[in-house]
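K.L.:
Below are the structure tokens for one structure; questions will follow.
The values are calculated or read from the model by the stated rules, or taken from the named source; none is laboratory data. Computed from a predicted model, the values in this text were never measured in an experiment. Neighbour counts run over all protein chains shown; Cβ positions are idealised from the backbone, glycine included. Calculation scope for accessible area: heavy atoms of the full protein, side chains included, ligands and nucleic acids excluded. Shrake-Rupley method; radii C 1.70, N 1.55, O 1.52, S 1.80 Å.
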Amino acid sequence: MTTTHSALVDARDGAAGDEALQQLGRALRAAGYTFTTVTPVTHQRVNRRPGNAWAHDLRGALGWSRPFRPDTLPPSIVELMDAAGVLERDGDAWRSTVRFSTYDGELFVHSAFPTTAANAVFFGPDTYRMADAAAAHVLARTTPVRRAVDIGCGTGAGAITVAKRAPGAEVFAVDINDTALRYARVNAAVAGTSGVRPCRSNLLSDVDGSFDLIVSNPPFMVDPAGRAYRDGGGPGGHGLTLAILDAATTRLAPGGSLVLFSGVGIVDGHDSLRAAAAERLASTDLEWTYREVDPDVYDEELDGDAYSDAERIAVVLLTAVRPG
């Protein structure tokens, strides 16, 4: 009989479950666990290789999301997974409903592969790129960050990265996905970033005041399946990206800045996201830059109807600064 994840979460998702998940992260760190999360296509290819059908160690079970047999993992790890509500049992095939990935010396819990659930929390190559950009921006500032927010925080990677480089700052991690907020709480606790404050908010509608720094890596794909962590909404998948840009124009403090990581399908050499952003920013006092971080990603999407006119998909970084 299969024990479903939803039943486990209903029973154990709360303070005790959060504490167990934190302990699991700390135990993995103590064991020297590391894992770099790849794109879903690469993940799928690696798992299809002979010998990779089952996990044989921690990385196989908690990184590659492979099924494992009851005696594969240390009993102490299994006990913590069970207490956290992230262990599924189906006969002798056990699975973790979460993955742990490493970035910037920290461990981040996020959803297991494949991320098909409506409330899935994604962590992958774009997370690394966004967090790198946020870290570089904080270090390059000439004035300190006192108040920051990571919009659509997911695992909280952006907020935690900022908090580590802005000691004493109040850093909000906002999302409308309760699972994301749970993981952000756990990840902030494991990282020891006490200034990170996960809270439920639709963009900035449920947090007050202005910000010295706004960071975000929103969903930006056109996703026919409508998965929340991928589908940006609106023409070209730009809906959320442009909504965040609009929010930033009214909520950045003097000297405040926006670091917005997104993506766009390029059609006949035209970047529709850049054009839409330029139109919105033209009537503001913000000084902005826009560049392609990688000109060709997610090439498998070009075979689908959603990107049938695109010649490539690029990931881009928009930064905007309000004069101080």
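K.L.:
Here is a check on your reading of the model: is residue 185 open to solvent by 40 Å² or more (accessible area, probe 1.4 Å) and either modelled with pLDDT of 95 or more or in contact with a helix residue (DSSP H, G or I) (Cβ under 7 Å, 6 or more places away or on another chain) (or both)? Please lay out each step first, then the result.
P.N.:
Numbers: open to solvent by 40 Å² or more (accessible area, probe 1.4 Å): yes; either modelled with pLDDT of 95 or more or in contact with a helix residue (DSSP H, G or I) (Cβ under 7 Å, 6 or more places away or on another chain) (or both): yes.
Answer is yes for this residue.
K.L.:
Here's another thing I want to ask about it. Go through segment 281-303 and report how many residues are surrounded by fewer than 16 Cβ atoms within 10 Å (Cβ to Cβ) and in a helix (DSSP H, G or I).
P.N.:
3
K.L.:
I've got another one for you. From 181, 203, which residue is under 16 Å from the mean Cα position of the chain (by Cα) and under 19 Å from residue 258 (Cα atoms)?
P.N.:
Residue meeting the stated conditions: 203.
K.L.:
How many residues, within segment 233-263, are farther than 12 Å from residue 276 by Cβ and of a type outside the set (S, T, N, Q)?
P.N.:
16
K.L.:
Does residue 257 meet the test of being modelled with pLDDT of 95 or more and in a strand (DSSP E or B)?
P.N.:
Numbers: modelled with pLDDT of 95 or more: yes; in a strand (DSSP E or B): yes.
Answer is yes for this residue.
K.L.:
Restricting attention to segment 295-308, which residues are over 17 Å from residue 274 (Cβ atoms), charged (D, E, K, R) and in contact (Cβ under 8 Å) with a residue 12 or more places away in the chain?
P.N.:
Residues satisfying the conditions are 299, 300, 301, 305.
K.L.:
Taking the criterion of being within 24 Å of residue 181 (Cα to Cα), open to solvent by 70 Å² or more (accessible area, probe 1.4 Å) and either in contact with a strand residue (DSSP E or B) (Cβ under 9 Å, 6 or more places away or on another chain) or modelled with pLDDT under 95 (or both), would at least one residue in segment 15-22 satisfy it?
P.N.:
yes
K.L.:
Modelled with pLDDT of 95 or more, surrounded by fewer than 15 Cβ atoms within 10 Å (Cβ to Cβ), over 20 Å from the mean Cα position of the chain (by Cα) and not small (Gly, Ala, Ser), is that true of residue 67?
P.N.:
Spelling it out, it is not the case that residue 67 is modelled with pLDDT of 95 or more, surrounded by fewer than 15 Cβ atoms within 10 Å (Cβ to Cβ), over 20 Å from the mean Cα position of the chain (by Cα) and not small (Gly, Ala, Ser).
K.L.:
While we're here: Consider residue 137 against the criteria (1) of a type outside the set (Lys, Arg); (2) surrounded by 18 or more Cβ atoms within 10 Å (Cβ to Cβ); (3) within 18 Å of residue 191 (Cα to Cα): it satisfies all of them except one. Which criterion is unmet?
P.N.:
(3)
K.L.:
Taking segment 261-290 as the region of interest, how many residues are in contact with a Pro (Cβ under 8 Å, 6 or more places away or on another chain) and either closer than 23 Å to residue 210 by Cα or among the aromatic types (Phe, Trp, Tyr) (or both)?
P.N.:
3
K.L.:
Same structure again: Please pick out the residue among 127, 155, 161, 115 that is open to solvent by less than 30 Å² (accessible area, probe 1.4 Å), in contact with an Asp or Glu (Cβ under 7 Å, 6 or more places away or on another chain) and not aromatic (Phe, Trp, Tyr).
P.N.:
161
K.L.:
I'd like the full set of residues that are modelled with pLDDT under 95, open to solvent by 50 Å² or more (accessible area, probe 1.4 Å) and within 21 Å of residue 247 (Cβ to Cβ), limited to segment 208-228.
P.N.:
Within segment 208-228, just 228 meets the criteria.
K.L.:
I need the full set of residues from segment 304-321 which are open to solvent by 40 Å² or more (accessible area, probe 1.4 Å) and either acidic (Asp, Glu) or part of a helix (DSSP H, G or I) (or both), in order please.
P.N.:
Scanning segment 304-321 gives 305, 306, 309, 311.
K.L.:
In segment 86-106, what residues are more than 15 Å from residue 60 (Cα to Cα) and buried (at least 23 other Cβ atoms within 10 Å of the Cβ)?
P.N.:
Hit for segment 86-106 is 86, nothing else.
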